[in-house]
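Accompanying notes for the structure given below.
The values are calculated or read from the model by the stated rules, or taken from the named source; none is laboratory data. The model shown is predicted, which means the values in this text are computed figures rather than measured ones. Heads up, the Cβs are rebuilt from the backbone with ideal geometry, glycines too, and the neighbour counts pull from every protein chain shown. Ligands, DNA and RNA are stripped out before the accessible areas are found, and what is left, the full protein with its side chains, is counted by its heavy atoms. Shrake-Rupley method; radii C 1.70, N 1.55, O 1.52, S 1.80 Å.
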Amino acid sequence: MAASIREKQTAALKRMLNFNVPVVKSTTGEPVWKVLIYDRFGQDIISPLLSVKELRDMGVTLHLLLHSDRDAIPDVPAVYFVMPTEENVDRICQDLRTQLYESYYLNFISAISRSKLEDIASAALTANTVAHVSKVFDQYLNFITLEDDMFVLCNQNKELVSYRALNRSDITDTEMDTVMDTIVDSLFCFFVTLGAVPIIRCPRGNAAEMVAIKLDKKLRENLRDARNSLFTGDNLAAGQFSFQRPLLVLVDRNIDLATLLHHTWTYQALVHDVLDFHLNRVDLEESQALESSPAGARPKKKNKKSYDLTVSDRFWQKHKGSPFPEVAESVQQELESYRTQEDEVKRLKTIMGLEGEDEGAISMLSDNTAKLTSAVSSLPELLDKKRIIDMHTNVATAVLEHIKTRKLDVYFEYEEKLMSKSTLDKSLLDIISDPDAGTPEDKMRLFLIYYITSAQAPSETDLEQYKKALEDAGCNLAPLNYIKQWKAFAKMASAPASYGIGATKSKGLLSRVMNTGSQFVMEGVKNLVLKQQNLPVTRVLDNLMEVKSNPDTDEYRYFDPKMLRGNDSSVPRNKNPFQEAIVFVVGGGNYIEYQNLVDYIKTKQGKHILYGCTELFNATQFVKQLSQLGQK
């Protein structure tokens, strides 16, 4: 199988930390010790891919932000990984003048302009440090990889490319151009790292089309200059996906707004929706156990805990797309299977004379005796398993709290019925007026989904009634103002996307406690079973990837940057189904859509897809953007 985008970006970062020389496994001996200097953009790109331990293994003893106060370390090389912005270039020039390090390896996340390079050169000349600047590289790594098959464009300055920025009524042409250039620059970096030139398809008349035109032009210009092309020779040999070129499907966020507001039921999407989950790290507030405080003492303040949910976490990889009740059950099973091994841990610690030792010291031991060898190899593994179980117990408990207090299962089920046009067992007004069901924002999300998916807009009198109920529930009506305008506009342009989501089947209340003494008492929470149905974005991908004729996608434009003369046509030259595709949503995406694509591709043998978006937001962040757009 082809290397994933995560592996390719990680390899590029490791090569950079190795002074832009390919990393060779067989080399023994110490790595060259170095300092890593990054800006916020660089930090966001590195943090989901390389842990502090991996950086240390690569010889990075210190990693510091470019604009922090840094002391001179005269006999150490410094690897810089920054965006080529005015402030960053000024700061690099200052570092050269004060001669902070022995040598400088300058790596720019995106291509640096000639004028800025000249600024650095003249600073090095004046400071007499030309000999110390060892290498200057354009890395083309301006995107953030979160999963093997998922990436986002940026985390810093994301308001620049946000849904709100693209849909503001007062945006000027020059501002729109800046937004488009920012998106295209990142997508170009993505394809350089992937090592493939895509065939591009996009709908007409929206932001996705503007991105497609600019990206086609940028790829074409790079391919035209054969000597300096980033897609020839070594670059391509390293990055060839397969013999067939990938398909890039660009879609506009407005193709499907309901999915972004939808209450969800799978683990990863729930964590993103209800907790503080950001660049694969979740932050939880946990209250201190009272037993740990001495009698009569005040309960301690809440602790903030951070957990990394990464690729190395097998439980997360296996269950992140599962419905939540299944996850709760699996955590419970893991906990019990660990308990049966707990005695084994105690026994192993006793053999090793380590009853009271801390766990860090344990991994340092090794001995020849068979007993000790088996103990040394299995104890760290068991302790790591315990750490992961504890982490998921805490995360899942926090999610369950939200489900129970906000009745999220009720919302999820009701919204699924709205989106699949099933019969409703309860009136919308009842849920909005129920003081115990959810927060004002939950009610607003539910109503917006009803408004977006209903074929006929509610009559003025009904709408007034709903508005009053929403206001009584404490809702801000600004998002509704925007959705009203949007829907009127979408009606003129074309019919809104239909949601072919099958209704969920409810297995009745999961009122039994899963196991006696179980942490997860799912009492009163419905055990909903998901029926797999394709969302609008997945349906568009299916039509284009399988080259099906469909009125929704027949008019999509077709660009092939490798064709000498760019001819605009919607007639695809490629009649064979694609093996690889990249779906990119201009205006933001979320985990529900990503999971839907992952589930879809599982049914297609030997095919791969990647999901990307300008920013990854949850419903809270999206509603906030809608209310900014809808403010009168």
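The table that follows gives values for the structure above.
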{"read-out": "Qualifying positions in the stretch 407-430 - open to solvent by 30 Å² or more (accessible area, probe 1.4 Å), part of a helix (DSSP H, G or I) and without any contact (Cβ under 8 Å) to a residue 40 or more places away in the chain", "value": "Asp430"}
{"read-out": "Subset of the stretch 194-217 (residues that are in a loop (DSSP other than H, G, I, E, B) and either aliphatic (A, V, I, L, M) or under 19 Å from Met545 (Cα atoms) (or both))", "value": "Ala196, Val197, Pro198, Pro203, Arg204"}
{"read-out": "Number of the exception - Pro496 against (1) in a loop (DSSP other than H, G, I, E, B); (2) open to solvent by less than 30 Å² (accessible area, probe 1.4 Å); (3) modelled with pLDDT under 75", "value": "(2)"}
{"read-out": "Of residues in the stretch 436-450 being open to solvent by 30 Å² or more (accessible area, probe 1.4 Å) and either over 24 Å from Asn481 (Cα atoms) or among the acidic types (Asp, Glu) (or both), the one modelled with the highest pLDDT", "value": "Glu441"}
{"read-out": "So Glu7, is it of a type in the set (D, E, K, R), open to solvent by 50 Å² or more (accessible area, probe 1.4 Å), touching a residue at least 60 places away in the same chain (Cβ under 8 Å) and assigned to a helix (DSSP H, G or I)", "value": "yes"}
{"read-out": "Which listed residue is assigned to a loop (DSSP other than H, G, I, E, B) and crowded, with 18+ Cβ neighbours inside 10 Å, from Pro22, Pro84", "value": "Pro84"}
{"read-out": "Where Gln94 falls short, out of the listed (1) open to solvent by 80 Å² or more (accessible area, probe 1.4 Å); (2) over 16 Å from Leu64 (Cβ atoms)", "value": "(2)"}
{"read-out": "Restricting the stretch 57-77 to residues that are in contact with a helix residue (DSSP H, G or I) (Cβ under 8 Å, 6 or more places away or on another chain) and part of a strand (DSSP E or B), the residue that is most open to solvent (accessible area, probe 1.4 Å)", "value": "His63"}
{"read-out": "Filtered residues of the stretch 613-629 (kept if of a type outside the set (Gly, Ala, Ser), in contact (Cβ under 8 Å) with a residue 12 or more places away in the chain and in a helix (DSSP H, G or I))", "value": "Thr620, Phe622, Val623, Gln625, Leu626, Gln628, Leu629"}
{"read-out": "Residue match in the stretch 149-166 (condition: touching a residue at least 40 places away in the same chain (Cβ under 8 Å), surrounded by fewer than 16 Cβ atoms within 10 Å (Cβ to Cβ) and under 25 Å from Leu260 (Cβ atoms))", "value": "yes"}
